[in-house]
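Comments concern the structure below.
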Amino acid sequence: MKYYILLFAFFSFIQSQAQSLKTKGITVTMPNYANQVAPKDVETYWAELVLGTGEVMNFSNDEFKKELQLEGFRKIIGDEAPDIFVAVSGISVDVLDVKGTIAPADDKTYTIDILPKERASVKLLFYYNEELTQFWEIPILPKADIRGTKIPTTISFPVKEKEKYLDLEGDPVEPDISAYTIKKYLDIKLGENFLKKVTGTIKDIYDNHMAKEYQSFYYIKDKKNKALTNETEEQLNSLVSLCDASFSSIKDLRANKQQINAHLDYWKGLLSDYDGEDKKIKKIKWGILMNLYHLSIMTEDFNNAQNYLKKALELSVKSGATKGAKNNLLQQYGGYLENYREGTGERKFSNGYVKHLSAQILKAL
């Protein structure tokens with residue numbers, strides 16, 4: 001009998017040496033909880049891109065309103081007054097330091113260097129019951145080299161296209177740049193996906209919603225059992241498809257949790273196969289535990305997420321990633337408890353939004 005036990009242990013060891021843990025980055029939808037808890041009387045919202053004189057933004061008002069979809073509130077219909085209203089500004093040439101020269105090489109190219117002035121920023125105004133309640137700024141800062149010298153954003157164009165890039169109205173000696181050039185500068189400086197950044201920031205502050213996140217999940221590569229490799233990797237691919245199809249809102253997530261439970265059951269079933277002190281076994285076990293941790297966060301099962309993470313930490317594998325996950329768990333769980341009652345998932349409400357009319361700084365760009 002002892003012989004068979006030893007033989008089984010030997011073959012198990014040989015099998016484990018053929019296996020390794022592989023990382024696969026995938027985009028999944030995760031619950032994201034509002035930084036500010038809404039009062040109970042807030043049901044409707046509206047948003048506008050509000051441009052002052054000479055201001056420009058690199059997205060349109062229609063694009064802004066289409067992109068900003070809040071899950072926790074209803075968009076107003078017709079002339080209905082919204083309970084909350086969000087306005088976003090643009091920037092004008094007044095907050096830019098612009099210098100231009102004709103390139104000496106061929107006199108056919110105009111080169112403009114642009115630096116943002118101090119306090120150049122995109123403004124975000126939040127109204128509650130038609131009263132300005134909160135004021136945010138997203139600063140636009142210049143890049144700098146290691147000596148602290150500011151590096152301008154350079155835009156070049158043919159002299160024959162100067163009417164498109166410069167404001168020549170009134171035949172000025174030193175023309176300003178046109179709205180077209182400011183928009184081009186914003187595309188370069190802020191990025192063409194700035195619209196998603198702005199709307200994502202608004203959602204993070206005020207809305208409980210599902211957000212797309214790029215996360216590291218793990219599968220098992222087995223040199224002797226390709227079926228296991230394909231099976232574990234396919235679990236991750238099917239999770240991506242599931243997120244895209246079924247979890248567009250927290251309400252959908254809670255209604256379809258059983259679909260994620262199937263993924264939890266799969267990885268829990270594999271976990272018992274990897275128990276021992278061999279480094280490869282411990283690493284695979286760690287990866288399975290991290291998958292279970294992420295799936296538990298997705299289903300708002302924070303107690304189990306904590307348990308899986310604790311076991312992963314005890315393995316002393318990839319401690320940096322595990323500690324990062326611990327910080328994420330604290331943030332997610334804290335956000336959940338701010339907005340929902342534990343156990344029932346019942347929504348919590350605040351007594352009102354905290355008023356701040358002096359500018360609060362959001363992430364600089």
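Does region 57-76 contain any residue that is loosely packed, with under 14 Cβ neighbours inside 10 Å, part of a loop (DSSP other than H, G, I, E, B) and modelled with pLDDT of 95 or more? Within region 57-76 (the criterion being loosely packed, with under 14 Cβ neighbours inside 10 Å, part of a loop (DSSP other than H, G, I, E, B) and modelled with pLDDT of 95 or more), the answer is yes, since at least one residue qualifies.
Of the residues SER16, SER20, which single one is in a strand (DSSP E or B), in contact with a helix residue (DSSP H, G or I) (Cβ under 7 Å, 6 or more places away or on another chain) and at pLDDT below 95? Before the answer, list the steps.
Numbers: SER16 fails: in a strand (DSSP E or B).
So the residue among SER16, SER20 that is in a strand (DSSP E or B), in contact with a helix residue (DSSP H, G or I) (Cβ under 7 Å, 6 or more places away or on another chain) and at pLDDT below 95 is SER20.
Results for (1) assigned to a helix (DSSP H, G or I); (2) more than 24 Å from LEU68 (Cα to Cα), shown as yes or no for each residue.
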| position | (1), (2) |
| --- | --- |
| TRP136 | no, no |
| ARG147 | no, yes |
| LYS162 | yes, yes |
| GLU169 | no, yes |
| VAL198 | yes, no |
| ILE202 | yes, no |
| ASN230 | yes, yes |
| VAL240 | yes, no |
| ASP244 | yes, no |
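Filter region 130-166 for residues that are under 26 Å from LEU362 (Cα atoms) and of a type in the set (Val, Ile, Thr); which is surrounded by the fewest Cβ atoms within 10 Å (Cβ to Cβ)? So, considering only residues that are under 26 Å from LEU362 (Cα atoms) and of a type in the set (Val, Ile, Thr), the one surrounded by the fewest Cβ atoms within 10 Å (Cβ to Cβ) is ILE146.
Every residue, every condition in (1) under 31 Å from the mean Cα position of the chain (by Cα); (2) assigned to a helix (DSSP H, G or I); (3) at pLDDT 95 or above, yes or no:
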site	(1), (2), (3)
TRP267	yes, yes, yes
GLY276	no, no, no
LYS280	no, yes, no
LEU289	yes, yes, yes
HIS294	yes, yes, yes
ILE297	yes, yes, yes
GLU300	yes, no, yes
ASN304	yes, yes, yes
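Of all residues being surrounded by 16 or more Cβ atoms within 10 Å (Cβ to Cβ) and part of a loop (DSSP other than H, G, I, E, B) in region 173-196, which is modelled with the highest pLDDT? Just the residue, please. Looking at the filtered set, the residue picked out is SER178. Has region 110-129 got any residue that is within 27 Å of the chain's Cα centre (by Cα), closer than 24 Å to ASN339 by Cα, surrounded by fewer than 19 Cβ atoms within 10 Å (Cβ to Cβ) and not hydrophobic (A, V, I, L, M, F, W, C)? Checking region 110-129: at least one residue is within 27 Å of the chain's Cα centre (by Cα), closer than 24 Å to ASN339 by Cα, surrounded by fewer than 19 Cβ atoms within 10 Å (Cβ to Cβ) and not hydrophobic (A, V, I, L, M, F, W, C). Summed over region 206-244, the residues that are small (Gly, Ala, Ser) and farther than 26 Å from LEU270 by Cα give a count of 1.
The values are calculated or read from the model by the stated rules, or taken from the named source; none is laboratory data. Fair warning: this is a prediction, and the values are worked out from it, not measured in the lab. Glycine also receives a Cβ, built like all others from the backbone with ideal geometry; neighbour counts cover every protein chain displayed.
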